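Just so you know, all these numbers are worked out from the coordinates, no wet-lab data involved. It should be emphasised that the depicted structure is a prediction, and the values quoted were computed from it without experimental measurement. Here the Cβ positions follow ideal geometry from the backbone for every residue, glycine too, while neighbour counts run over all protein chains shown.
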Amino acid sequence: MGTPELAEILCKTQLECLGGLARVHVEVDTPTREVVADEPDWILRLRKLCLHAIAITTCGVDADGLHALATELRAAFVQMGAISKCLPEEVLFDGIEPSWWDIEARTGLLATFDHPTPMQLLSPVAMGGFLKAEDSGVYAEFFLLLGRFCIAYGFMLHRLAQVLAAEEDVWSRVEAEVERLLSVATMMPDCHGL
């Protein structure tokens with residue numbers, strides 16, 4: 001199996017992990033739970049982030065699907081940036097400054113896919129276009145972005161469970177998804193920075 005196929009399979013596995021985290025989120029903060037007047041902003045933003053996470057899991061991992069995935073992931077990064085600024089440092093994913101999420105959403109790969117120029121749309125997938133070319137690099141970049149997002153989301157879910165006094169052991173379920181994610185990361189060549 002070549003690198004493009006491996007990268008695509010690994011990204012699909014990440015989407016499954018993200019789906020697992022979203023299920024944990026919905027169980028901890030059920031949609032029927034009534035929001036109270038003094039509820040912290042970050043909890044409501046985390047709900048919005050969950051909706052983007054669910055949408056991301058429905059995207060295909062191909063040239064067309066990456067455009068939909070990028071739009072949802074970019075919107076989730078904006079929420080992640082706002083949430084990160086509200087939480088204590090020990091809750092955040094180590095090594096990522098809260099501003100990184102906003103910068104990446106505004107200027108990184110996700111912005112290229114979300115707001116392409118007409119010329120970019122005629123370009124290869126790696127440049128935000130629809131021209132199908134054998135390039136695993138773009139999948140590797142999405143792999144890194146999805147991985148960071150999943151791990152940070154997991155840490156935030158753990159904090160949410162503490163704040164909402166969830167009765168179940170959320171951390172073990174989050175940890176299982178994060179461990180699965182990290183085991184997949186070891187299969188990706190040159191996957192540094194996850």
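Using the rule -39500 (n - 2.57) for each DSSP H run of four or more residues, divided by the residues of the chain, the 222 nm mean residue ellipticity is -22000 deg cm²/dmol. Here, segment 1-55 yields an orientationally averaged convex hull projection of 4.4 nm² when only Cα atoms define the hull.
When Rg and the Kirkwood radius Rh are both evaluated on Cα atoms of the chain, their ratio Rg/Rh stands at 0.98. Remark: segment 40-82 projects, on average over all directions, an area of 2.6 nm² (convex hull of Cα atoms). Summarise the long-distance tail of P(r) for segment 67-169 by giving the % of C-alpha pairs beyond 18 Å. Result for the distance tail: 52 percent. Its Cα gyration tensor gives segment 137-186 an equivalent ellipsoid. The semi-axes, each the square root of 5 times an eigenvalue, are 26, 11, 5 Å from largest down. In percent, rounded to a whole number, the relative contact order of segment 7-129 is 22, using alpha-carbon pairs under 8 Å and six or more apart.
All other residues whose Cβ lies under 11 angstrom from that of R74 are scored, Lys and Arg at +1 and Asp and Glu at -1, for a net of -3. Taken along the Cα-to-beta-carbon direction at a fixed 7 Å, the label points for R106 and D62 span 3.6 nm. Looking at segment 27-116, what % of the alpha carbon pairs are farther apart than 22 Å? The calculated P(r) of segment 27-116 puts 34 percent of pairs beyond 22 Å. For q = 0.12 Å⁻¹, what log10 I(q)/I(0) does segment 73-122 give under the Debye formula with an equal point scatterer on each alpha carbon and no solvent? After summing over all Cα pairs, the log10 values are -0.31.
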